[in-house]
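Taking it in order: structure first as structure tokens, then the write-up.
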Amino acid sequence: MEQPSQVPGRPLPATIQNYLMKCIQIILSGETYGSGMRFSAMHFATELGVNGFVQYNSRGEIVIEAEGDEEHLKEFVRWCREGSATMVVSGVEVIECETKWYTSFDIRRGLYGGGTLSENPGRIKLMKLFFKRLRRVFGDRKQEEQAENFQSVNKI
């Protein structure tokens, strides 16, 4: 009788799949804020059937815990090294960790490892970027309003 792993097109039984599961932690550094990397990582991990989570740490790096079979994890790490279309990855650290049996891949809010705002320079950097973008958006609107007012005054 053939072993289950040798039958083409048939998935391995759950008990065998459990032994093949690995867990890794990936730490990505680079220009991470506003890059869409967390969403892209979740999308690609879901396509591969990799479970886990992605979130920021206190240094502004992206932390990913991923579980799956070795082949899919290698492909996922390869993808992480390339980065998303809007993020240039300057460093990738991969650490093996204990399997936690995640059932899906999620984007976690908050910071990996916790801490307060004053202890997290990455979070302060994110807030500064956020307010800079707000000023840019509302500043542009103010200039447009002033131009419209100027044009309407000149028409009278």
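We did not get these values from a lab; they are worked out from the coordinates using the rules stated. Quick caveat, the model's predicted, so the values are computed rather than measured. Note that we place each Cβ from the backbone using ideal geometry, even for glycine, and neighbour counts take in every protein chain shown.
In terms of surrounding Cβ atoms within a 10 Å radius of their Cβ, PHE53, PHE44 rank from fewest to most as PHE44, PHE53. Evaluated at q = 0.13, 0.22, 0.23 Å⁻¹, a Debye calculation over the C-alpha positions of region 19-106 (equal weights, vacuum) places log10 I(q)/I(0) at -0.35, -1.02, -1.12.
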